[in-house]
Amino acid sequence: MIPKPEQTSLQDALSSSLSMVSAFLTSSGVTRIALLDRNGGIITANHALAETLHCEGIELAGRSFHNYLTDPDSLLLTRWLSGKDAIPEDEFLLNVVDADQAPRSLRCRLAPVDGGLLLLAEEPDKDNKLLQEELLQINNQLSVLSRENIRKSRELAKALTELKQTQSMLVHREKMASLGLMTAGIAHEINNPLAFVLSNEQVLRRDFDDLLDFINVLGDFLPEIASLSPGIHGKILDKARETALEYLSEAIPRKISANIEGLERVKNIVLDLRNFSRLDEAERKFCHLSEGIESALLFLTPLLKEHGVTVETRFSPMPQALCSPGPLNQAISNILVNAVQASRSGQSVQVATREQGEWFCIEVTDHGAGIPAEHLPRVFDPFFTTKPVGEGTGLGLSIAHQIVAAHSGRIEIDSAPGTGTTVRILIPREENSPEFNSVARNDTGSP
């Protein structure tokens, strides 16, 4: 550490040196001179430099010299001041822009001093002046082109993202259209034999009742048969006990009813399958939102079992919504998949519907890890996912967002780490539609 008397002496010497430099700067009328700090700020400058920069009457001290340089030369000065590049030993050209934004070139030399650089500058030779001005213009044009290229690169990146998003949507629609055709074919093949079996139910019940009546009539004649032919009577009783005739007369109707109930469930599954993939019904129609939710949950049953998650539904009575059922079912399904995958085994996901002002609201709540705040602005971006590689494409919420937006609706997300996530799908009510008033209001309950 410098002793105090020596430190005072050093400060005095530095002050004296700065005074000498200041006097030299002021007195020089030809050479443009400036003392710059490590950030490119002007500590002091002479009148000749102020004149060159068209800054007469303006105090240059305290201003940044970068303000008077072209972009490439400003970057060069920054690298010299920071020590990233060596200060040139030879004379070099520096391109400056004066207060009127007029470009010009100066022949310069730099000399390092404590705390910055000493800049000495002069006008270029007259023979080279025109050439330097042309070079400066070219330099400025390159700067403009560079900025334009950056802008176009950003636009190209945005267009590429939109193209990928459109491509993903087209692929998704193609898959769903194929699914619609496949399910329609399956439904047709199942419905034909199913309709045949169900139509035979009444015939089967009638024929069984007739058979039972015949057996009962036969039972009424058993005493007479016993008196006429004890052997035949005994064989009839033995066969009745062997076939448990009394049990069969009660069990067969129950089994027929159970079979019919099972067939009705198959019929409902087929209907749900057709309902879920109704992409051929892209036109709007009135339907209960709860139907789409139930259809989605039916097909998510294997996923629910795999994750050990249950679903609690709470459907409020409300009118039918005007929507495109197939795409909206897909949006609901995507959100439900995210909720189930975010939940731990033993947890439940709550699904509710209600009217919210001018909107129909579908609300899905899970109690998983939640979404960090920094990720929330990006959850609808295509290909954005926080799931491990191979477990998600990052398209689910993006597709859901586009489908809901196509319904003039919106999706809201409330989430925080450790508290779970609530996703709300809001679909506008169509109360001004005559069809809404005449059709939807006639049925205000959910099935």
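Peptides 101-109, 34-42 ordered by packing proxy, namely the average of other Cβ atoms within 10 Å per residue, highest first: 34-42, 101-109. In this structure, I215 and K285 have a Cβ-Cβ separation that, at R0 = 51 Å, corresponds to a calculated FRET efficiency of about 0.45.
Please give the FRET efficiency for A244 paired with F196, using the beta carbon to beta carbon distance and R0 = 35 Å, rounded to the nearest 0.05. List each step's numbers first, then the result.
Values: r = 30 Å, r/R0 = 0.87.
So the FRET efficiency works out to roughly 0.70.
When each of F221, F196, F315 is scored by the number of other beta-carbon atoms lying within 10 Å, the sequence from fewest to most is F196, F221, F315. Working from label points 7 Å from Cα in the Cα-to-Cβ sense, the R206 to R79 distance is 9.8 nm.
What the Cβ-Cβ distance of H375 and E261 gives, at R0 = 51 Å and to the nearest 0.05, is a FRET efficiency of 0.60. Temperature 4 °C, viscosity 1.567 mPa s: under these conditions the Stokes-Einstein estimate for region 22-124, based on its Kirkwood radius over C-alpha pairs, is 96 µm² per second.
So, counting K/R as plus one and D/E as minus one, what does the shell of residues with Cβ under 14 Å around E155 add up to? Around E155, the charge tally is +3. Residue order for I232, I403, I413, fewest other beta carbons within 10 angstrom first, comes to I232, I413, I403.
Tally Lys/Arg at +1 and Asp/Glu at -1 over every other residue whose Cβ is under 14 Å from the Cβ of D100; what's the total?
Numbers: positive: R104; negative: E51, E56, D98.
Within the 14 Å Cβ shell, the charges total -2.
Every number in this text was worked out from the coordinates using simple rules, so none of it is lab data. Computed from a prediction, not measured in an experiment: that's the story for all the values here. In this analysis, Cβ positions are derived from the backbone assuming ideal geometry, glycine residues included, and neighbour counts consider all displayed protein chains.
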